[in-house]
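The next block holds one structure in the form of structure tokens; read it before the comments.
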Amino acid sequence: MNPRTTMQIVPALVLGLFAGQASASGFQLLEQNASGIGTAYAGSAAVADNASTVFYNPAGMTQLQDREISVGVSAVTPSFKFANGSSNAVVAGDGGDGGSTRFIPNAYLSAALTKDLYFGLGISSPFGLKTEYDNPWKGGAQSQKFEIRTVNVNPSLAWRVNDKVSLGFGLNWQKFDAEYQRLASTTDLSPVRLNLDDEAWGWNAGVLFTLSPSTKLGLAYRSAVKFETTGDINGSTAAKADLKLPDTFTISVAQKLSDRWEMLGDLSRTGWSSMHKVDIFNGTSLTQTLDTDFRNTWRVALGANYLLNDAWKLKFGIAYDQTPVKGADTRLVSLPDNNRVWLSLGAQWKLSTSSRIDFGGAYLYLKDADINNDQTAAGRGLVNGTYKDSIWVFGAQYSQSF
């Protein structure tokens with residue numbers, strides 16, 4: 001590969017890194033537990049019904065037993081089917097279904113150090129995706145395959161100030177890995193692969209207010225995490241790029257209406273504009289400044305729990321979640337993303353006084369996503385058409401107190 005070709009490839013490949021599809025906006029993963037799927041994660045910062053509150057609001061640990069563990073897994077299955085409009089690629093094929101199932105495990109523990117001081121530890125994956133298209137297809141010069149993986153280790157402390165207020169704080173060590181594959185250009189069909197990785201630190205904090213025996217209000221914040229990724233192209237040519245994964249602020253309410261009904265609400269903001277502009281380097285030379293043009297997004301969720309009997313609790317939820325993609329011109333084949341509506345159902349089975357299993361499932365309806373991404377000047381062609389998108393989410397969580 002000659003230096004001129006490399007200089008063209010690096011920015012294109014890294015641009016794909018900043019686009020992806022998971023269950024939440026962009027490539028964010030809400031599934032840091034499976035117990036919240038049934039309520040569409042409404043009340044996430046206020047519920048605190050198992051040790052996964054370490055992630056959503058560490059202050060919630062003060063509502064748990066002296067020692068608790070919680071482990072679970074979620075499966076996210078997106079479907080991205082492209083219907084061609086007026087793409088100008090020389091190869092045929094619409095790519096099949098670009099979606100790919102991803103399994104998201106999690107594990108948490110919470111332990112009381114004193115009556116009012118708690119320690120917690122969580123292991124999860126807050127960002128991730130995998131999209132892969134049949135080869136060949138019309139958008140192959142823009143993306144063939146993209147996979148991103150994160151691992152987040154989150155030690156936390158919580159302090160019960162009094163019966164009304166609890167505070168929580170955590171540190172987050174996060175590992176980031178990405179692999180991106182595409183064709184060199186619309187005329188050069190040789191494959192090109194970019195690998196990038198880094199490790200970085202962030203933090204999270206929360207406060208939980210017990211306004212009355214039946215009302216809880218939670219506020220939670222997760223910081224942005226900045227990575228200085230390095231890697232290679234086709235195993236030899238050096239590449240690097242700085243990227244800043246977004247911060248998130250959430251306000252949640254949990255309100256008991258009766259002995260059987262509990263209503264939940266969530267409003268959250270994700271700061272995707274932190275990735276609006278990215279400088280790409282090949283070695284020490286600035287190759288290009290990318291304007292990813294992401295916008296900040298909002299998510300609103302409403303949910304309910306219904307206590308059927310001593311053993312079973314039923315869960316219901318609905319949510320609306322914005323995409324960070326502004327429109328067809330900036331939508332990427334590696335991010336065939338759009339606004340989505342969650343429709344969720346779930347249940348909790350109480351095995352004993354100290355153990356329970358949560359099940360949940362959700363269908364995410366996405367509006368058809370038009371794309372008109374013109375990268376002809378860079379040799380990657382025009383991809384024009386419409387994506388028909390949808391996502392299914394299923395999960396189970398086991399929680400145990402000691």
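The values are calculated or read from the model by the stated rules, or taken from the named source; none is laboratory data. All values reported here derive from a predicted model rather than from experimental measurement. Don't worry about glycine lacking a Cβ; one is built from the backbone with ideal geometry, like all the others, and counts go over all protein chains shown.
See the values below:
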{"read-out": "Residue list for segment 158-195, restricted to those being out of contact with any helix residue (DSSP H, G or I) (no Cβ under 7 Å at 6 or more places or on another chain), surrounded by fewer than 21 Cβ atoms within 10 Å (Cβ to Cβ), assigned to a strand (DSSP E or B) and not polar (S, T, N, Q)", "value": "Trp159, Val165, Leu171, Trp173, Lys175, Asp177, Glu179, Pro191, Arg193"}
{"read-out": "Failed item in (1) touching a residue at least 12 places away in the same chain (Cβ under 8 Å); (2) exposed (fewer than 15 other Cβ atoms within 10 Å of the Cβ); (3) more than 19 Å from Ala34 (Cα to Cα), with Ala311 passing the rest", "value": "(3)"}
{"read-out": "Identity of the residue in segment 130-157, among the basic types (Lys, Arg) and outside any loop (DSSP other than H, G, I, E, B), that ends up modelled with the lowest pLDDT", "value": "Lys130"}
{"read-out": "Any pair with Cβ under 6 angstrom, 6 or more apart, that starts in segment 205-225 at a residue that is surrounded by 17 or more Cβ atoms within 10 Å (Cβ to Cβ) and at pLDDT 95 or above and ends at one that is polar (S, T, N, Q) and in a strand (DSSP E or B)", "value": "Leu208/Ser166; Lys216/Thr210; Gly218/Ser252; Ala220/Thr250; Arg222/Asn204; Arg222/Thr248; Val225/Gln174"}
{"read-out": "Enumeration of residues in segment 126-173 that are of a type in the set (Gly, Ala, Ser) and within 16 Å of the chain's Cα centre (by Cα)", "value": "Gly128"}
{"read-out": "The lone exception for Tyr306 - which of (1) closer than 30 Å to Ala141 by Cα; (2) surrounded by fewer than 17 Cβ atoms within 10 Å (Cβ to Cβ); (3) among the hydroxyl-bearing types (Ser, Thr, Tyr); (4) in contact with a Lys or Arg (Cβ under 8 Å, 6 or more places away or on another chain) it fails", "value": "(1)"}
{"read-out": "Output for segment 373-387, where each listed residue is closer than 19 Å to Asn339 by Cβ and modelled with pLDDT of 95 or more", "value": "Gly385, Thr386, Tyr387"}
{"read-out": "Ser399 in a strand (DSSP E or B), touching an Asp or Glu at 6+ places or on another chain (Cβ under 9 Å) and either closer than 21 Å to Tyr41 by Cα or at pLDDT below 95 (or both)", "value": "yes"}
{"read-out": "Positions within segment 226-282 being surrounded by 14 or more Cβ atoms within 10 Å (Cβ to Cβ) and under 30 Å from Asn309 (Cβ atoms), in sequence order", "value": "Ser252, Val253, Ala254, Gln255, Lys256, Glu262, Met263, Leu264, Gly265, Asp266"}
{"read-out": "Residue in segment 322-350 that is nearest to Trp272 (Cα to Cα), counting only those that are among the small types (Gly, Ala, Ser) and part of a strand (DSSP E or B)", "value": "Ser344"}
{"read-out": "Odd one out for Arg299 among (1) free of Cβ contacts under 8 Å to residues at least 60 places away in the same chain; (2) in a strand (DSSP E or B)", "value": "(1)"}
{"read-out": "1 or more residues closer than 23 Å to Ala319 by Cβ: qualifying strands (runs of 3 or more DSSP E) within segment 220-269", "value": "237-245, 248-256"}
{"read-out": "In segment 343-369, the residues that are surrounded by fewer than 16 Cβ atoms within 10 Å (Cβ to Cβ) and over 22 Å from Leu308 (Cβ atoms)", "value": "Tyr363, Tyr365, Lys367, Asp368"}
{"read-out": "Check on Gly122, in contact with a helix residue (DSSP H, G or I) (Cβ under 9 Å, 6 or more places away or on another chain) and either touching a residue at least 12 places away in the same chain (Cβ under 8 Å) or surrounded by 15 or more Cβ atoms within 10 Å (Cβ to Cβ) (or both)", "value": "yes"}
{"read-out": "Selection from segment 314-326 of residues that are exposed (fewer than 15 other Cβ atoms within 10 Å of the Cβ) and either out of contact with any strand residue (DSSP E or B) (no Cβ under 8 Å at 6 or more places or on another chain) or touching a residue at least 24 places away in the same chain (Cβ under 8 Å) (or both)", "value": "Lys326"}
{"read-out": "Residue in segment 323-334 that is under 16 Å from Gly36 (Cβ atoms), under 19 Å from the mean Cα position of the chain (by Cα) and not basic (Lys, Arg) present", "value": "no"}
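Yes/no matrix, rows are residues, columns are (1) in contact with an Asp or Glu (Cβ under 8 Å, 6 or more places away or on another chain); (2) outside any strand (DSSP E or B); (3) at positive phi:
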| residue | (1), (2), (3) |
| --- | --- |
| Gly38 | yes, yes, no |
| Thr62 | yes, yes, no |
| Gln65 | no, yes, no |
| Glu68 | no, no, no |
| Phe82 | yes, no, no |
| Gly93 | yes, yes, yes |
| Gly122 | no, no, no |
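Each row is one residue, and each column tells you yes or no for (1) of a type outside the set (A, V, I, L, M, F, W, C); (2) in contact with a Phe, Trp or Tyr (Cβ under 9 Å, 6 or more places away or on another chain).
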site: Asp358; (1), (2): yes, yes
site: Asp374; (1), (2): yes, no
site: Asp389; (1), (2): yes, yes
site: Ala396; (1), (2): no, yes
